Ligand SMILES: Cc1cc2nc3c(=O)[nH]c(=O)nc-3n(C[C@H](O)[C@H](O)[C@H](O)COP(=O)(O)OP(=O)(O)OC[C@H]3O[C@@H](n4cnc5c(N)ncnc54)[C@H](O)[C@@H]3O)c2cc1C
């Protein structure tokens, strides 16, 4: 009798635990709601706050998850999601989360490659900024006021509506948020952007070469010219293994602020090895060139307004180079790509305007002296722990293989290609020593200044995540 009673208790334990957890979560929700209501008396703030029992909770959470690796049943979920409409909602979300000892994650476009904007391993509130999305373009001033929930495709489109000779160079993928970043210091609400002038017609090309077409020599030459060529020309190099033909496909994609005759003249002079002809070039408006880069220039412009791409599983890593890779190194890299099979490389030249800004002028430190940045890129469609381990390990192996060719002390990294492999620190208790490991890779010498600012503005380390700027403790 005693044994069967014990067995019953053991069997019921998970249900009792679940019941108590659910009651505790209800209490957290009610307390949070009361706190928010007391601070926002005039509007119906409760309709902007979701807990897991709310029928829109899951769709609200998933709407801006851009990496399926962080969309599993086992991924930690927020206790509460807030979708603010006004600044006062943002302020009260910060105050109420802080009062209740909960971590806050801030999400604008949701493209963080490690999901830091919507995943935390401690109890957390998700502040989803997607309602903050107004864009006000002022052509007289050549500026735009853009709220953080706007995506870059929307910004490009709204500029084009008002002017065919203005633009803003922010990125290739149209669904990326205009506002990612700054999460160590507070919540950014909007940016005032300085627009740039573009000609009515720009020129693009995409020329593909394979291993059999002398790709080693072309890549080698590209390293020496891409960052120094005409400042109006940008040529990205993508390398991909082609297993069917056992070759590497190298795509050279270009954007030029001028016409095709001028571009061919520049290419003949500076980079004849690529053999670009006038019929490789396409002249088009700047806005069409955005579509050319992201998908297809024949797609309707309204494609730029689509906020719901089909998200894949993804892993990214990054590197910077200050010295060209020797030719035998290029060959070994291509060999390794074929051997490992799934890693692709997107290589962006630096130089130009990037080099004109001093290292210390903004937190972003990768300026003069860098010839290019490499993005190690793997995307896949199917979930499962073994599949994920296979793809993620491929990026890690490739990254290890690249060590002799890339920047050292520190091995620099690009913050936007967030990579937790390069170091993490405890959430809410970031240590300076741990923070320095990833902080110097992302920010080089600016890391120490960022620590000073952080220590002044957020000494309690409320705005914290696995890779935030640490507070200096005495
Ligand atoms: C499919 C895809 C394509 C991409 N394409 C490009 C590209 O073409 N060029 C490029 O440079 N990068 C690209 N990226 C990387 C992208 O630029 C970064 O991930 C960027 O941080 C995304 O900003 P977000 O607002 O979309 O992301 P979020 O995930 O919302 O935010 C990223 C980080 O910023 C913080 N944050 C967000 N909003 C705020 C706020 N309002 N105040 C303070 N902190 C905030 C978050 O907490 C998080 O730490 C791409 C990423 C993906 C997944």
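Every number here is computed from the coordinates shown, using simple stated rules; none is lab data. If you're wondering where the values come from, they're calculated on a predicted model, not measured in any experiment. Using ideal geometry, Cβ is built from the backbone for each residue, glycine included, and neighbour counts are taken over all protein chains shown.
General observations
- Based on the convex hull around the alpha carbon atoms, the range 232-344 presents an average projected area of 9.8 nm².
- Packing rank of 84-92, 31-39, where each peptide gets the mean count of other beta carbons within 10 Å, highest leading: 84-92, 31-39
- The chain, relative contact order [Cα under 8 Å, separation at least 6], %: 13
- Extension gain for residue 265-residue 301 works out to 9.9 nm (0.36 nm per residue, less the C-alpha to C-alpha distance).
- Here the spin labels are modelled as points 7 Å beyond Cα on the Cα-Cβ line, and at residue 310 and residue 335 they lie 3.8 nm apart.
- Working from label points 7 Å from Cα in the Cα-to-Cβ sense, the residue 224 to residue 433 distance is 4.7 nm.
- Summarised as an ellipsoid, the range 162-259 has semi-axes of 33, 20, 13 Å, derived from the eigenvalues of the Cα gyration tensor scaled by 5 and square-rooted, with the largest first.
- Maximal additional length on extending the residue 420-residue 189 stretch stands at 80.6 nm, based on 0.36 nm per residue less the C-alpha distance.
- Percentage relative contact order, the range 135-197, counting C-alpha pairs under 8 Å, at least six apart: 44
- Applying 1/(1 + (r/R0)^6) with r as the Cβ-Cβ distance of residue 196 and residue 8 and R0 = 51 angstrom yields a FRET efficiency of 0.10.
- Between residue 282 and residue 77, the contour length at 0.36 nm per residue exceeds the alpha carbon distance by 69.2 nm.
- Summary value for the range 404-474: 38 percent relative contact order, contacts being C-alpha pairs under 8 angstrom separated by 6+ residues.
- Per-residue [θ]222 nm for the chain (sum of -39500 (n - 2.57) over DSSP H runs n ≥ 4, rounded to 500): -10500 deg cm²/dmol
- Shape of the chain, Cα gyration tensor, a/c cut at 1.5: prolate
- Label-point gap, in nm, between residue 251 and residue 20 - each point 7 angstrom along Cα→Cβ: 5.5
- In degrees, nearest ten, helix 432-443 long axis to first principal axis of the chain (Cα): 30
- The Cα trace of the range 135-197 gives Rg and Dmax of 11.6, 37 Å, the first to one decimal, the second as a whole number.
- Once the Cα atoms are used to define both axes, helix 152-162 deviates from the longest principal axis of the chain by about 60 degrees.
- Mean Cβ count within 10 Å, highest first, over the residues of peptides 125-134, 381-390, 257-266, 349-358: 125-134, 257-266, 349-358, 381-390
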